[in-house]
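These notes concern the structure reproduced below.
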Amino acid sequence: MNFTEQYLAEATRVLRQLDVAMIERVVALLAETRTRGGRVFILGVGGSAANASHMVNDLRKLAQLETYAPTDNVSELTARTNDEGWASVFVEWLKVSGLRASDLVMVFSVGGGNLEKNVSPNLVMAVQYAKDRGARIVGVVGRDGGLTAQLADACVIVPTINPVHVTAHTEAFQAVIAHLIVSHPALKIAPTKWESVR
C-alpha cells in the first residue's frame, strides 16, 4: 500500500468511527442557541482557526445564527497577544463580547487544550470562562479531547487512527463535520448557491 492509499484508508476508518449521536447533540445545541437568541463564538488556532472562520461564514449565511471567531480580527488578536499575552486572547475577547448563558462556545482543536502540558492555554482559559458564565460548550477535537472534552456539553472526538496523522485527520474532519452540521435540516435555513442554481 502506498502513502496515498494508506492515508485514504485511515480517513475511511475515521469516518466510520465518528460518533453520530454526539454530532446530532452538537446540532441540537446550536439549534437551541438560535431559538434562545444566543450567539456562537468559535475558537481555534492554526488550521483550526481557518476552520473556525469558515464555520462562522456558514452558520451566519446558511443557518442564520449570529456567530463570531476572535481570530477573524487580526488587529485585536495581535494587539492582545503583544500587550497581554497569548494565553488570555480568547477569554478577554469573550469578556468584551459579554458572554451570556444563552451563548455557545464552539472549540475546534487538535488537542482540546491542556494546561498541564501548556498546549493551547488560550482555549483552556476560554472554556473555563464559558463554563463559569453558564454558556454551552461544544467541540470538534482530536486525541483525548483535552479540557474541551471534559467540560463540553457535547464534544465530537475525531478518532486517532494513526498517531502520525492526528493533526491532519482532526483538522480535515473538522471541515467535514462542520459541513454536515450546517447542512443538517435542524439548522439549515438558506440554500447553498450551487444547489439552488438550476
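For this structure, a couple of remarks:
- Leading residue by the ranking (nearest to the chain's Cα centre (by Cα)) among those in the stretch 66-90 that are buried (at least 22 other Cβ atoms within 10 Å of the Cβ) and among the hydrophobic types (A, V, I, L, M, F, W, C): ALA69
- Given (1) surrounded by fewer than 23 Cβ atoms within 10 Å (Cβ to Cβ); (2) touching a residue at least 24 places away in the same chain (Cβ under 8 Å), index of the condition LEU123 fails: (1)
- In the stretch 35-71, the residues that are farther than 20 Å from ALA101 by Cα and of a type in the set (Asp, Glu): ASP58
- LEU180, sole failed condition from (1) crowded, with 22+ Cβ neighbours inside 10 Å; (2) assigned to a helix (DSSP H, G or I); (3) under 14 Å from the mean Cα position of the chain (by Cα); (4) not basic (Lys, Arg): (1)
- Residue selected from the stretch 128-167 under the condition β-branched (Val, Ile, Thr) and free of Cβ contacts under 8 Å to residues at least 40 places away in the same chain, by the criterion farthest from LEU30 (Cα to Cα): VAL164
- Count of the stretch 99-115 residues which are crowded, with 23+ Cβ neighbours inside 10 Å and either in a strand (DSSP E or B) or touching a Leu at 6+ places or on another chain (Cβ under 8 Å) (or both): 8
- For the stretch 94-118, taking the residues that are touching a Ser or Thr at 6+ places or on another chain (Cβ under 9 Å) and of a type in the set (A, V, I, L, M, F, W, C), the one that is farthest from LEU18 (Cα to Cα) is identified as LEU104.
- Cβ-Cβ under 6 Å pairs, at least 6 apart or on other chains, the stretch 58-81 side in contact (Cβ under 8 Å) with a residue 40 or more places away in the chain and aromatic (Phe, Trp, Tyr), far side surrounded by fewer than 15 Cβ atoms within 10 Å (Cβ to Cβ) and not in a helix (DSSP H, G or I): none
- Scanning the stretch 33-47 for residues that are in contact (Cβ under 8 Å) with a residue 12 or more places away in the chain, part of a helix (DSSP H, G or I) and out of contact with any helix residue (DSSP H, G or I) (no Cβ under 6 Å at 6 or more places or on another chain) yields THR33, ARG34.
- For the stretch 120-171, filtering for residues that are among the small types (Gly, Ala, Ser), in contact with a helix residue (DSSP H, G or I) (Cβ under 7 Å, 6 or more places away or on another chain) and more than 27 Å from LYS95 (Cβ to Cβ) leaves 1.
- Test for LYS95: is it assigned to a helix (DSSP H, G or I) and modelled with pLDDT of 95 or more: yes
The values are calculated or read from the model by the stated rules, or taken from the named source; none is laboratory data. None of these values were measured; they are calculated from a predicted model. So basically every Cβ, Gly included, is an ideal-geometry build from the backbone, and we count neighbours across all protein chains shown.
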